[in-house]
1. May I ask which residue of F224, A164, H46 lies farthest towards the positive end of the charge dipole of the chain, with charges of +1 (Lys, Arg) and -1 (Asp, Glu) on Cβ and the Cα centre as origin?
2. Between rounded, prolate and oblate, where does the chain land on the alpha carbon gyration tensor, with a ≥ b ≥ c its root eigenvalues, rounded for a/c under 1.5, else prolate if a/b exceeds b/c?
3. Add +1 for every Lys or Arg and -1 for every Asp or Glu among the other residues with Cβ under 13 Å from the Cβ of T57, and state the total.
4. State the three equivalent ellipsoid semi-axes of region 98-234, derived from the C-alpha gyration tensor as the square roots of 5 times its eigenvalues, in descending order and whole Å.
5. Which entries in K113/K139; K16/K113; K73/K123 show an alpha-carbon gap greater than 18 Å?
6. How high is the relative contact order of region 172-233, in percent, with contacts defined as C-alpha pairs under 8 Å that are six or more residues apart?
7. Relative contact order for the chain: what is it in percent, counting Cα pairs under 8 Å that are at least 6 residues apart?
8. Under the rule of -39500 (n - 2.57) per DSSP H run of 4 or more residues, summed and divided by the residues of the chain, what mean residue ellipticity at 222 nm is obtained, to the nearest 500 deg cm²/dmol?
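Every number in this text was worked out from the coordinates using simple rules, so none of it is lab data. Every value quoted in this text rests on a predicted model; they were computed, and no experiment measured them. Every residue, glycine as well, gets a Cβ built from its backbone with ideal geometry; the counts of neighbours run over all protein chains shown.
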Amino acid sequence: MKLKALKTTLSLALKKTPRTTSEFEKLPVHVAIIMDGNGRWAKKHHLNVSRGHRQGTENLREIIRHTDDLGIKALSLYAFSTENWNRSEEEVSALMQLILDFFASEIDELDAKNVRILILGDKGRLPERQREVLREAEKRTESNTGLRLNIAVNYGSRAEIVKAVREIAVTVKNGTVRPEEITEQMVSDHLYTAGQPDVDLLIRTSGEQRLSNFLLYQNAYAEFVFPEVLWPDFSVHDYDIALEAFGRRDRRFGGRKRDADSE
Ligand code: FPP
């Protein structure tokens, strides 16, 4: 590690107050988070798994606020995957309730802060109340121009890609597009995140190191950071450390190392 990077890491470790934008050399435009470890946190504290998810939701508020304060443009959160339906009925209904509670308590502040909410995933399988609340949140904030807050609910990335392929296939079938005219941009434009930049930084808490079907296309050139901390314990300070790590990465997008970095 270079001396400058080491100094920054040390000062960051000592200074636990939230950092401000100017204290970062480089910030990601789009951050994605896999909020993992709620179950293990609950077990560690001899609590029911639902309490782990509740604690994780409490934590989320601070992380969203800090993302907004730093001026990061987009934040994507993996709240409920298509595979999460396989969990116990009790856990699924606790998560569904948390979605309602989260929007009931946060929507006013998010809207006031000009945050635009977008739900990634198929709302069709969700209970009616959740569907309504999510649609309302999207509608209410659709003309907001601040932070793009994407919340993945009943989301699976492969299903999202299949949806995009089907939509493009229809345009080919009706003669609007020729197969050779299909571009990477066109595929991006048919994903839930259409019009948003690709992910720059993917954070997965709890030490697990996999993507679990989250934003596969959008994460093509993302930098990955895997903090060991369980999601309910993931603080703004831990977030700053992950953002700092991103700032030190040398992103080449398949190109050559820049001269300045080989000094
Ligand atoms: C993974 O932990 C986490 C989830 C499956 C759900 C994450 C959801 C929230 C934090 C709250 C809901 C979000 C919103 C926006 C209202 P895990 O249970 O798989 O943890 P484990 O691997 O330790 O068991």
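1. Value: F224.
2. Details: a/c = 1.67, a/b = 1.10, b/c = 1.53.
Since a/c reaches 1.5 but b/c is at least a/b, the shape of the chain is classed as oblate.
3. Numbers: positive: R51, R54, R61; negative: E58, E62, D101, E106.
Once all neighbours under 13 Å are counted, the net charge is -1.
4. Numbers: eigenvalues 153, 91, 43 Å².
Each semi-axis is the square root of five times an eigenvalue, giving 28, 21, 15 Å.
5. Details: K113/K139 15 Å; K16/K113 25 Å; K73/K123 24 Å.
Pairs exceeding the cut-off: K16/K113; K73/K123.
6. 33 percent
7. Values: 379 pairs, mean separation 72.2, N = 263.
Taking the mean separation of contacting Cα pairs over the length of the chain, I get 27 percent.
8. That calculation yields -14000 deg cm²/dmol at 222 nm.
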